[in-house]
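Below is one structure, written out as structure tokens, with a few remarks after it.
The values are calculated or read from the model by the stated rules, or taken from the named source; none is laboratory data. What you see is a predicted model; the values in this text were computed from it and never measured. Cβ coordinates were reconstructed from backbone atoms using ideal geometry, including for glycine residues, and neighbour counts include every protein chain displayed.
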Amino acid sequence: MKRLAFVNVVLNLVFLLGLGCASNIKTQRPELSTPTSTQTSPAKKSHGKNAAPVVGSQAAKPEIIAGDPNTAAKLQADENKFSQLEKAGSYWDAFAIAASLSTIHTDPKRSDYYKSKAIDTLNLRLTKDQLHTVARSSDYGYLRGYALFRLAELELAVNNIDESKRYYRSVVELLPESEIATSSQRLISDMEATVRVSAQTIGVVLPLTGKSAAVGQKVLRGLQLGLGTHQGFSKFRLAIVDSEGRSDLARLGVEKLVKEDNVIAIVGGVLSKTVGTELAIASEYNVPFIYLSQKQGLNDIHPYAVRNALTAEMQVRHLVRTAMTEMDMHEFAILYPNDPYGVEYANLFWDEVIAQGGQVVAAQTYDPKETDFRPVVQRLVGTYYIEARKDEYYQKLRTFKQSLKGKNARENVNTDDLLAPIQNFDAIFIPDQARVISQINAFLNYSRVKDTKILSTNILNTPGSAKRLSQLNYPIYFADSFISEGPNQSNSDFVREYMSYFNEYPAQFEIAAYDSGLILRQLVLQGVYTRDDLGKQLMKLKKFDGSFGPLSTTTNKDLFRPLMTLTVQKGETVKLKE
């Protein structure tokens, strides 16, 4: 059995089921003493499914002599019998033979083979009663330790922590130098670590050095304000781990926060490449976790993990609903960069439009490095491929040439001027930054696209974007939970406090971290002192007063915050008047 895989199975069973609950299942713990004289003698034991096959010194064994023909024949007969019993599904009897062969075989390799077979059968095939039989009897030698280890696993599966620890301690006593004794001792230590909690200590795993250090520092600032640790009289403490943006350091960091700092909860999961590891280890120790990454598909890893991030789905759902229900739009075009960000948002937007009863009538992609958007826009509005509108084109060409007759003007025929754009959409969705949208705007205007609107993402809700978008020919709309800069943002107490300390406006990461710290602080101050209770409170959080409105945990374990539709007016980002 591979050591790490064996241990991971046990850990997952412990912490997925949660700690602190007493089991009603009663079992009889096997004793380590040798059988008393009142036991049935080996020769008279029955061969029922739970009868104890004889392995050890009390059995009447033939004399084993290497090279002796009789010995070889006996071993071969036992090996054949094992194979037959295993194929027939008689695992209890097959286990007895494998156990015996593992100790009496004259070939070391065959001995190791049957030891492996005995252990595998014990772990995968024996019933709980049979495991007790093995664990009680000294006839089974070293296999008693493996039976005890397996019984400990089964007790963990029903959350019987105290009984499980007693079994593990018995393994250490019986086989002190073995690999499973080392694993048992570590598991005992891990289980004890899960119940040692400092209720006012919050752990944080962040990339504070390396390429993502700036993001980590922003999150740390927000957390300090949310927990109040920037104030000298705060009762709370931050236990900080620098992951450097590496999964291996993130894993060790979570273990340290649990075992050494005894944190009641952890905030982290900022980077998509480390968040999965952080959640998996936190789940093993049943420590609540608030993660800030937008990465999808993580909500099943940890029962007490909540995502505090404005996701792409949240934005798109709000934006499409606003466009269709409040602005009476029904047909949309999509113009998107061919990169992960653009493709993700384009697909989400398309799906959401269909789900809400709308229609996507045109879609066009472009290279993220593109600067000349004339052919891109022409393809979108149907003026690029002349042959597709050949009859219309030549009719317009003849009309154009006739208009030049008798005029003192040089003939200059421009295809773009002849074919009018096919504009069968109410708005164009462009998931890209302000600089690119400004360039696309110029080519849309040049192609005579009129009376449309541009929809985008909260990538536009960043400092400097509003000024870039101030000269657009079309209204632009996007969704977010706050306004990134200017007088429209400073109506929040959190913003004013943040600016007083750091002399800059907070952004998405700082806001999410602040709210995370605030939630944990208030739950603890309300009397939540265990990890299990804190995790349950996080799962049912409703209308918590956050920095920019009430926060609630959804069924998908997202912290949902109210969104608003934003637009740009006179170089400023403002809320759309409903």
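Do any helices (runs of 4 or more DSSP H) lying entirely in the stretch 379-481 carry at least 1 residues that are under 21 Å from Ala346 (Cβ atoms), modelled with pLDDT of 95 or more and among the hydrophobic types (A, V, I, L, M, F, W, C), and which ones are they?
In the stretch 379-481, the matching helices (runs of 4 or more DSSP H) lie at 434-446.
Can you name the residue in the stretch 422-451 that is under 15 Å from Met329 (Cα atoms) and crowded, with 18+ Cβ neighbours inside 10 Å and, of all such residues, is farthest from the chain's Cα centre (by Cα)?
Out of the qualifying residues, it is Gln423.
Strands (runs of 3 or more DSSP E) wholly in the stretch 273-351 with at least 1 residues that are at pLDDT 95 or above and surrounded by fewer than 18 Cβ atoms within 10 Å (Cβ to Cβ) - which ones?
331-337
What residue, among those in the stretch 512-535 that are in a helix (DSSP H, G or I) and without any contact (Cβ under 8 Å) to a residue 60 or more places away in the chain, is nearest to the chain's Cα centre (by Cα)?
Top of the filtered list is Asp533.
Please go through the stretch 87-120 and give me each residue that is surrounded by fewer than 19 Cβ atoms within 10 Å (Cβ to Cβ) and within 41 Å of the chain's Cα centre (by Cα), ordered by number.
Listed by number, the residues that qualify are Gly89, Asp112, Tyr113, Ser116, Asp120.
In this structure, does Asp162 turn out to be of a type outside the set (A, V, I, L, M, F, W, C), outside the structural domain of Ile519 (by TED's automatic domain parsing) and out of contact with any helix residue (DSSP H, G or I) (no Cβ under 9 Å at 6 or more places or on another chain)?
Spelling it out, it is not the case that Asp162 is of a type outside the set (A, V, I, L, M, F, W, C), outside the structural domain of Ile519 (by TED's automatic domain parsing) and out of contact with any helix residue (DSSP H, G or I) (no Cβ under 9 Å at 6 or more places or on another chain).
Grab the helices (runs of 4 or more DSSP H) fully contained in the stretch 67-146, keeping just those with 1 or more residues being in contact with a Lys or Arg (Cβ under 6 Å, 6 or more places away or on another chain) and either within 24 Å of Tyr167 (Cα to Cα) or not acidic (Asp, Glu) (or both).
Output list reads 91-104, 108-124, 128-136.
Restricting the stretch 226-254 to residues that are within 30 Å of Gly527 (Cβ to Cβ) and in contact with a Gly (Cβ under 7 Å, 6 or more places away or on another chain), which is surrounded by the fewest Cβ atoms within 10 Å (Cβ to Cβ)?
Once the filter is applied, the top-ranked residue is Ser234.
From the residues in the stretch 174-224 that are of a type in the set (A, V, I, L, M) and over 24 Å from Arg237 (Cα atoms), which one is surrounded by the most Cβ atoms within 10 Å (Cβ to Cβ)?
Among those that are of a type in the set (A, V, I, L, M) and over 24 Å from Arg237 (Cα atoms), it is Ile180.
Ala181 passes all but one of (1) of a type in the set (A, V, I, L, M); (2) closer than 30 Å to Ser492 by Cα; (3) outside the structural domain of Ser293 (by TED's automatic domain parsing); which number fails?
Going through the list (1) of a type in the set (A, V, I, L, M); (2) closer than 30 Å to Ser492 by Cα; (3) outside the structural domain of Ser293 (by TED's automatic domain parsing), Ala181 breaks only (2).
Condition check ((1) under 12 Å from Ile119 (Cβ atoms); (2) modelled with pLDDT of 90 or more) across all residues:
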{"residue": "Leu143", "(1), (2)": "yes, yes"}
{"residue": "Ala152", "(1), (2)": "no, yes"}
{"residue": "Asn160", "(1), (2)": "no, no"}
{"residue": "Val171", "(1), (2)": "no, yes"}
{"residue": "Ser178", "(1), (2)": "yes, yes"}
{"residue": "Ala181", "(1), (2)": "no, yes"}
{"residue": "Arg186", "(1), (2)": "no, no"}
{"residue": "Ser189", "(1), (2)": "no, no"}
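Based on what the data block shows, is Arg150 over 27 Å from the mean Cα position of the chain (by Cα) and either assigned to a helix (DSSP H, G or I) or free of Cβ contacts under 8 Å to residues at least 40 places away in the same chain (or both)?
So Arg150 passes the test.
So which of Leu143, Leu122, Leu148, Leu156 ends up being over 26 Å from Glu284 (Cα atoms) and out of contact with any Cys (no Cβ under 8 Å at 6 or more places or on another chain)?
Result: Leu143 is the single residue among Leu143, Leu122, Leu148, Leu156 that is over 26 Å from Glu284 (Cα atoms) and out of contact with any Cys (no Cβ under 8 Å at 6 or more places or on another chain).
Quick check on this structure: which one of Val353, Val320 is among the aliphatic types (A, V, I, L, M) and out of contact with any Leu (no Cβ under 9 Å at 6 or more places or on another chain)?
Val353
Restricting to the stretch 536-568, and then to whatever is among the β-branched types (Val, Ile, Thr) and assigned to a loop (DSSP other than H, G, I, E, B), can you tell me which residue is surrounded by the most Cβ atoms within 10 Å (Cβ to Cβ)?
Thr554
Please work out which residue is farthest from Thr452 (Cα to Cα), limiting yourself to the stretch 352-375 and to residues that are modelled with pLDDT under 95 and assigned to a helix (DSSP H, G or I).
Checking each candidate, the answer is Pro375.
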